[in-house]
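**Student:** Next up is a structure, given as structure tokens.
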Protein chains: 2
Amino acid sequence: MFAEIITIGDEILIGQIIDTNSAFIAQELNKIGVSVYQITSVQDERLHIKEALREAEARADVIIMTGGLGPTKDDITKHTLCEYFNDTLVESKEVLTHVEGIFKKHLGVPLLQVNKNQALVLSKAEVLHNEFGTAPGMWVKREGKVFISLPGVPFEMKNLIGKTVIPRIINEFKRPYIVHKTIITYGIGESALADKLSSIEDNLPAAVKLAYLPSLGSVRLRLTGKGSSSEEVNALVNAEAVKIRKALGDLIYGDEGDEPVEVVIAKLLTKKGYTLGTAESCTGGRIAQQITKIPGASAYFKGSVVSYATQTKIDVLNVSPETIDRFSVVSAEVAVEMATNLKNLLKTDFAIATTGNAGPTKGDSDAEVGTVFIAVVSPNATVVERFLMGSQRERIVQKAVNKAFEMLQKEILKF
Amino acid sequence: MFAEIITIGDEILIGQIIDTNSAFIAQELNKIGVSVYQITSVQDERLHIKEALREAEARADVIIMTGGLGPTKDDITKHTLCEYFNDTLVESKEVLTHVEGIFKKHLGVPLLQVNKNQALVLSKAEVLHNEFGTAPGMWVKREGKVFISLPGVPFEMKNLIGKTVIPRIINEFKRPYIVHKTIITYGIGESALADKLSSIEDNLPAAVKLAYLPSLGSVRLRLTGKGSSSEEVNALVNAEAVKIRKALGDLIYGDEGDEPVEVVIAKLLTKKGYTLGTAESCTGGRIAQQITKIPGASAYFKGSVVSYATQTKIDVLNVSPETIDRFSVVSAEVAVEMATNLKNLLKTDFAIATTGNAGPTKGDSDAEVGTVFIAVVSPNATVVERFLMGSQRERIVQKAVNKAFEMLQKEILKF
């Protein structure tokens, strides 16, 4: 059973927005055993949308479209669907009441004709209630295939996918069972890993695939199994995971899974009742931001001092000017003082500090662009490491954040 | 003249990664007058890749592929291209030397056969040198159409696009002239805007399109013009921009352009020699992170105190416990104290503070989820506002960040 995703909107084709909807929809479909065959982004243009629909219909059982449902003239998805299905638009009383409610409650502005038009739906469609917006979803069934049109606004689309679309697909289609298992490795390249795993890979059962997903400083190995029962697929995938774990040993890092490291850390800290703070220079608040993305972070995260300027390191973190003079602001000694002082200032159990030069120019130190020192202080230890993280600002910062989480996780696991 | 982009990789179709490459490539192509007709994401599967290539070849003059060039067995793009072009792989001495150099300089591990295979290229292809990685780009010309295969690793791909692909396309193809102009509006919905602009929209010249791009709290209006000369297209687009500005007046916000607000602020602060600091609670470091993303931020950004815990507001920012007791930690009074004290602590000209409840639970205050107070302190004024930002954590935080930048920009513009 296959699905296809069609995202509609000129803004995607000119690169003004990144299409994040597709990845979300693909994830949700995969969880319920529906493989996505293709993702296609097309313009707000009738012939083009219809061509994409024809091609997708030939290949897939479920076609999910997002976008082009807004109230303005560049939004043409509904009219195009009418042409495609030889249908007409009719007013949905239920949607009109909902649109009127939204305007009354949240906007306090009069309802225009274009807003009322949001209640026009295909006569052959079942309306999917869009709790958070004025553009309803639509579900059209034709010759055993399902076409689903959703708004492009990510949070409206997500809500519709989770609450309505996925449960209905589960209900209407028989699906194979799919398992993905991800194993995270650090400190070894993609080809060296492949070399170590070559005999396992050559002997993989036909129902299992192995993929390598390199990212900054780590490679994720993804096993995917497909079959008719949960027991069968899990057994197949687990058997391969055991072989990989045995072949790689220490190269496997922490827990396996698709969870980001900050979620793993959040669980460890919460479980053990420890608190955390960060003192960030070159990472500029990104560590704090990744931590606070997680709901419930306030249980263990006390805060961060983003001491971007050297003077802020002195004024807020009480780093000694002598240490800075003697070792430079990008040094192991300053990283350790930052972490230690932050830990005392915020009264936390663990602290992370970063100081480095992300470029493009050298700043307040002579350290080469890409040099980063990271210190982690735990209740009974201090570790500090120096890294050379290349020459590209964005990558230096993200690598430093990843490395900081990796070092922190190692220290927390000792408790 | 049209281009198409094909991104190759199972990880895209299962939603494990978001395809950010396409947006980047589309942007760069649009800048030089090449319209992207379609973006297609396909699996690591030979028949599927070939089908996508056939379809794209029928529609476009330039086909850019990314992904599937790694050294592992799931990477099959090169072999598939051989089938598609009825070609064979040959070893490129130049690429082999480069791969050996990378291993020697950066990795210090022995070169495996799979790494040497990175030097195999299509005999009909011109090799595009990949400065930052082992997978070379390839440029194949057939019957006036060009097929370009690039690595999927974003920073390698970006470097190849910028330094090699775009200059070559400029050289080989005659292109129309394209102009995009974006006007940013705040505080008015998409449909109300469309209503105000309806007569302008009805009378747009055929060569100009208008699109509405709503995002949190703002709508961007994008005018796109296409024609044979720079003068002609600019004149057409500017004439419409003047009409829109006249029709919307105050609803247009600050400068127009595609620049994010933090870049606009960076330019204002740098020009005027002012400095900035932030005191963040519910935004958790995201304001600091967005500011420090911009190269050169150290010239005006001194730092941030992410006072996530109430105690951190007291310990680091010296917010008075009496103020917190009397008004609660989510209050205008606390926001103002945070901003004022941060400004004094870091000795900056401007300071932003946020305190609010991003949910999912209520935390250290009785404020409803979604309540956010934002204070901005300038050299001679203090402003504070209360917002209700809905019920979804991620959106509350991003809205608060956008609002904070908006308020800050207003204050800076007074100087």
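**Student:** Confirm whether A:GLN16 is part of a loop (DSSP other than H, G, I, E, B), at pLDDT below 95 and within 26 Å of the chain's Cα centre (by Cα).
**Tutor:** yes
Conditions (1) closer than 30 Å to B:GLN398 by Cβ; (2) modelled with pLDDT of 95 or more; (3) of a type in the set (Phe, Trp, Tyr); (4) touching an Asp or Glu at 6+ places or on another chain (Cβ under 7 Å), marked per residue:
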site: A:HIS79; (1), (2), (3), (4): no, yes, no, no
site: A:VAL121; (1), (2), (3), (4): no, yes, no, no
site: A:LYS124; (1), (2), (3), (4): no, yes, no, yes
site: A:LEU128; (1), (2), (3), (4): yes, yes, no, no
site: A:GLY137; (1), (2), (3), (4): yes, yes, no, no
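**Student:** Then there is this: Quick check on my filter: what residues within the stretch B:260-275 are more than 10 Å from chain A (Cβ to nearest Cβ) and not in a helix (DSSP H, G or I)?
**Tutor:** Residues satisfying the conditions are B:PRO260, B:GLY273, B:TYR274.
**Student:** Restricting to the stretch B:316-368, give me the number of residues that are over 23 Å from B:TYR274 (Cα atoms) and either more than 12 Å from every other protein chain (Cβ to nearest Cβ) or touching a strand residue (DSSP E or B) at 6+ places or on another chain (Cβ under 9 Å) (or both).
**Tutor:** First pass over the stretch B:316-368, keeping only residues over 23 Å from B:TYR274 (Cα atoms): B:316, B:318-334, B:355-368.
Right, trim to either more than 12 Å from every other protein chain (Cβ to nearest Cβ) or touching a strand residue (DSSP E or B) at 6+ places or on another chain (Cβ under 9 Å) (or both) and you get B:316, B:319-334, B:355-358, B:365-368.
Total meeting the criteria: 25.
**Student:** Another one. Can you name the condition, by its number, that A:ILE188 falls short on among (1) surrounded by fewer than 19 Cβ atoms within 10 Å (Cβ to Cβ); (2) modelled with pLDDT of 95 or more; (3) hydrophobic (A, V, I, L, M, F, W, C)?
**Tutor:** (2)
**Student:** Please tell me if B:GLU100 is surrounded by fewer than 21 Cβ atoms within 10 Å (Cβ to Cβ) and farther than 23 Å from B:VAL165 by Cβ.
**Tutor:** yes
**Student:** Could you please give the count of residues in the stretch B:258-301 that are under 30 Å from B:SER199 (Cα atoms) and either among the β-branched types (Val, Ile, Thr) or out of contact with any Ser or Thr (no Cβ under 6 Å at 6 or more places or on another chain) (or both)?
**Tutor:** So the answer is 3.
**Student:** Would you say A:SER41 is closer than 13 Å to A:VAL121 by Cα and either surrounded by fewer than 18 Cβ atoms within 10 Å (Cβ to Cβ) or at pLDDT 95 or above (or both)?
**Tutor:** no
**Student:** Looking at the stretch B:159-208, which of its residues are free of Cβ contacts under 8 Å to residues at least 24 places away in the same chain and within 25 Å of B:ALA23 (Cα to Cα)?
**Tutor:** Residues satisfying the conditions are B:PRO167, B:ASN171.
Each row is one residue, and each column tells you yes or no for (1) in the same structural domain as B:ASN318 (by TED's automatic domain parsing); (2) β-branched (Val, Ile, Thr); (3) touching a residue at least 12 places away in the same chain (Cβ under 8 Å).
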site: B:VAL336; (1), (2), (3): yes, yes, yes
site: B:LYS347; (1), (2), (3): yes, no, yes
site: B:ALA351; (1), (2), (3): yes, no, yes
site: B:LYS362; (1), (2), (3): yes, no, no
site: B:ASP366; (1), (2), (3): yes, no, yes
site: B:ILE374; (1), (2), (3): yes, yes, yes
site: B:VAL377; (1), (2), (3): yes, yes, yes
site: B:MET389; (1), (2), (3): yes, no, yes
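**Student:** Which one is modelled with the highest pLDDT, of the residues in the stretch B:20-33 that are surrounded by fewer than 24 Cβ atoms within 10 Å (Cβ to Cβ) and more than 7 Å from every other protein chain (Cβ to nearest Cβ)?
**Tutor:** B:GLU28
**Student:** Looking only at residues that are in contact with a Lys or Arg (Cβ under 8 Å, 6 or more places away or on another chain) and without any contact (Cβ under 8 Å) to a residue 40 or more places away in the chain in the stretch A:130-145, which one is surrounded by the fewest Cβ atoms within 10 Å (Cβ to Cβ)?
**Tutor:** Looking at the filtered set, the residue picked out is A:GLU131.
**Student:** Pairs please, first residue from the stretch B:261-276 and farther than 20 Å from B:VAL401 by Cα and not assigned by TED's automatic domain parsing to the domain that holds B:SER215, second anywhere and surrounded by fewer than 16 Cβ atoms within 10 Å (Cβ to Cβ) and among the aliphatic types (A, V, I, L, M), Cβ atoms under 7 Å, 6+ apart in sequence or on different chains.
**Tutor:** That search, which allows pairs on different chains as well, returns B:THR270/B:ALA299.
**Student:** Go through (1) in contact with a helix residue (DSSP H, G or I) (Cβ under 9 Å, 6 or more places away or on another chain); (2) farther than 12 Å from B:ASP364 by Cβ; (3) buried (at least 23 other Cβ atoms within 10 Å of the Cβ) for B:ALA309 and report which single condition fails.
**Tutor:** Just one mismatch for B:ALA309, condition (2).
Rundown of residues vs (1) hydroxyl-bearing (Ser, Thr, Tyr); (2) out of contact with any strand residue (DSSP E or B) (no Cβ under 6 Å at 6 or more places or on another chain); (3) over 20 Å from A:GLY152 (Cβ atoms), yes/no style:
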position: B:GLU172; (1), (2), (3): no, yes, yes
position: B:LYS181; (1), (2), (3): no, no, yes
position: B:SER199; (1), (2), (3): yes, yes, yes
position: B:ASN203; (1), (2), (3): no, yes, yes
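**Student:** Right, something else. Return the residue satisfying two criteria in turn: it lies in the stretch A:96-121 and is touching a helix residue (DSSP H, G or I) at 6+ places or on another chain (Cβ under 6 Å) and under 29 Å from A:GLU51 (Cα atoms), and of such residues it is farthest from the other protein chains (Cβ to nearest Cβ).
**Tutor:** This residue is A:ALA119.
**Student:** Quick check on this structure: which one of A:GLU83, A:GLU11, A:GLU51, A:GLU4 is more than 20 Å from the chain's Cα centre (by Cα), surrounded by 21 or more Cβ atoms within 10 Å (Cβ to Cβ) and free of Cβ contacts under 8 Å to residues at least 40 places away in the same chain?
**Tutor:** Testing whether each residue is more than 20 Å from the chain's Cα centre (by Cα), surrounded by 21 or more Cβ atoms within 10 Å (Cβ to Cβ) and free of Cβ contacts under 8 Å to residues at least 40 places away in the same chain leaves just A:GLU11.
**Student:** With the checklist (1) in contact (Cβ under 8 Å) with a residue 60 or more places away in the chain; (2) within 24 Å of A:ARG175 (Cβ to Cβ) in hand, flag the one item A:ILE39 doesn't pass.
**Tutor:** With (1) in contact (Cβ under 8 Å) with a residue 60 or more places away in the chain; (2) within 24 Å of A:ARG175 (Cβ to Cβ) applied to A:ILE39, the lone miss is (1).
The values are calculated or read from the model by the stated rules, or taken from the named source; none is laboratory data. This one's a predicted model, so the numbers in the text were calculated from it and none came from an experiment. Please note: Cβ atoms are built from the backbone with ideal geometry, for glycine as well, and neighbour counts cover all protein chains shown.
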